[in-house]
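Following: one structure in structure tokens, then a few remarks.
The values are calculated or read from the model by the stated rules, or taken from the named source; none is laboratory data. A quick note: this is a predicted structure, and the numbers were derived from the prediction, not measured. Cβ atoms come from the backbone with ideal geometry, glycine included; neighbour counts cover every protein chain shown. Only protein heavy atoms, including side chains, enter the accessible area calculation; ligands, DNA and RNA are left aside. Shrake-Rupley method; radii C 1.70, N 1.55, O 1.52, S 1.80 Å.
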Amino acid sequence: MEGADLAGKILSTWLTLVLGLILLPSAFGVSLGISEVYMKILVKTLEWATLRIEKGAEKESVLKNSASVGIIQRDESPMEKGLSGLRGRDFELSDVFYFSKKGLEAIVEDEVTQRFSSEELVSWNLLTRTNINFQYISPRLTMVWVLGVIVRYCVLLPLRVTLAFFGISLLVIGTTLVGQLPDGRLKNWLSELVHLTCCRICVRSLSGTIHYHNKQYRPQKGGICVANHTSPIDVLILTTDGCYAMVGQVHGGLMGVIQRAMVKACPHVWFERSEMKDRHLVTKRLKEHIADKKKLPILIFPEGTCINNTSVMMFKKGSFEIGGTIHPVAIKYNPQFGDAFWNSSKYNMVSYLLRMMTSWAIVCDVWYMPPMTKEEGEDAVQFANRVKSAIAVQGGLTELPWDGGLKRAKVKDTFKEEQQKNYSKMIVGNGSLNLDSD
């Protein structure tokens, strides 16, 4: 009985501390300064570790710096220039060397596959999962790493799991109850309150530190908010500063439970990726949504999948065909404190959240950008590319033309045919020039 009483007292004390020092302040958007002190200590510790690594392994540091820009040095010149040094007139068998070279470059290090794996850090952040080049440096650094493991798994993890449990439970229960109310201003107000409160608690469960820039450009009601996509927590990051009607793929498991609860209180739009009929239904519902200027802005991730924190890939044109005002948002995570990228083909949602909760913290910057509209004579694809370029520049991300769907699918034949057409045009062009000269 004494052991049970002691355990009960420890549990009650723990819950009281969590409730009073973290849960309630985060629910009201108030900080007691605990997170700021933790981040200062963490930054000092990582700076010390970086100096130790640089002193103990200067050669390895140089190798990492050189490897961070890529394994090979690519020739980004167009096909015409690349073949000019190999070909003479008309078709030449030596043209094969150019395409062989491009093929070998893609095999060694293609531009797509590496965007679906965790970003490699130049400097170690005391998390072995984020640096494959880590090796033993010194006893002192190893002791700090062991101490970090104890802190992350024995102190931070239980605390974060407790907060996440409260946040997710309140979200599911709160949205379910609000969903029973009749449509009206009261239901909308309560729905926004529940979403904001629960998302703030969930962000606090990840030791999230978010820096919002240009708040005067925050998405307005009746508009469409588009952002680059790194992680499912992108939604939490943005909803902490304002509510959105979300559009996305239907998930199973824990994510599915949350989605089904949320849609009862707010008109979110979930659809099956494999069913084209749902795409038409989504487009119709989105047009109806933006037609009502009193409804929350729609949040869309046009890439359609999570891309690691380095690049922005092709934006699907569907989001830019429905009209309305586009509010671009750039999200950039600081990988030094934790890897926010979700590799959905490798980790399920629970495993991913466990990795997040055993990281040091989630630190990111969010840039709200001036609203954009389709220009005269501009089609949906051109508009999507213009918005994508603006987000890439603002977030310091690499802009790539590739479809994020290549994460799970093979390269479309149209990409291959495009290269064949370009080569054919060169042959036909050279041939006609030769005939005229004769």
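Just a few scattered comments:
- Net charge of Cβ neighbours under 11 Å - reference residue 167; Lys, Arg +1; Asp, Glu -1: +3
- For residue 260, the solvent-accessible surface computed with a 1.4 Å probe is close to 140 Å², ligands and nucleic acids excluded.
- In terms of packing, defined here as the mean over residues of other Cβ atoms within 10 angstrom, the peptides 173-183, 306-316 line up highest first as 306-316, 173-183.
- Under Karplus coefficients 6.51, -1.76 and 1.60, residue-wise ³J(HN,Hα) of the stretch 189-200 in Hz, glycine/proline x: 5, 5, 4, 5, 5, 5, 4, 4, 4, 5, 5, 5
- Estimated distance in nm for a label pair at residue 250 and residue 272, the labels positioned 7 Å out from Cα along Cα-to-Cβ: 0.6
- Overall, the stretch 354-404 carries a charge dipole of about 320 debye about its Cα centre when +1 sits on the Cβ of Lys and Arg and -1 on the Cβ of Asp and Glu, all other atoms neutral.
- For the peptides 239-248, 324-333, 144-153, the ranking by packing is 324-333, 239-248, 144-153, with the highest mean count of neighbouring Cβ atoms within 10 Å listed first.
- Distance from the alpha carbon centroid of the stretch 206-230 to that of the stretch 278-299 works out to 19 angstrom.
- Interchain or long-range residues, amide H under 5 Å from residue 208's placed H: 362
- Note: relative contact order over the stretch 214-303, using C-alpha pairs below 8 Å and six or more positions apart, is 54 percent.
- Amide hydrogen neighbours beyond the local backbone of residue 246, cut-off 5 Å, H modeled: 268, 269, 299
- FRET efficiency, 1/(1 + (r/R0)^6) with R0 30 Å, evaluated for residue 31 and residue 294 via beta carbons: 0.40
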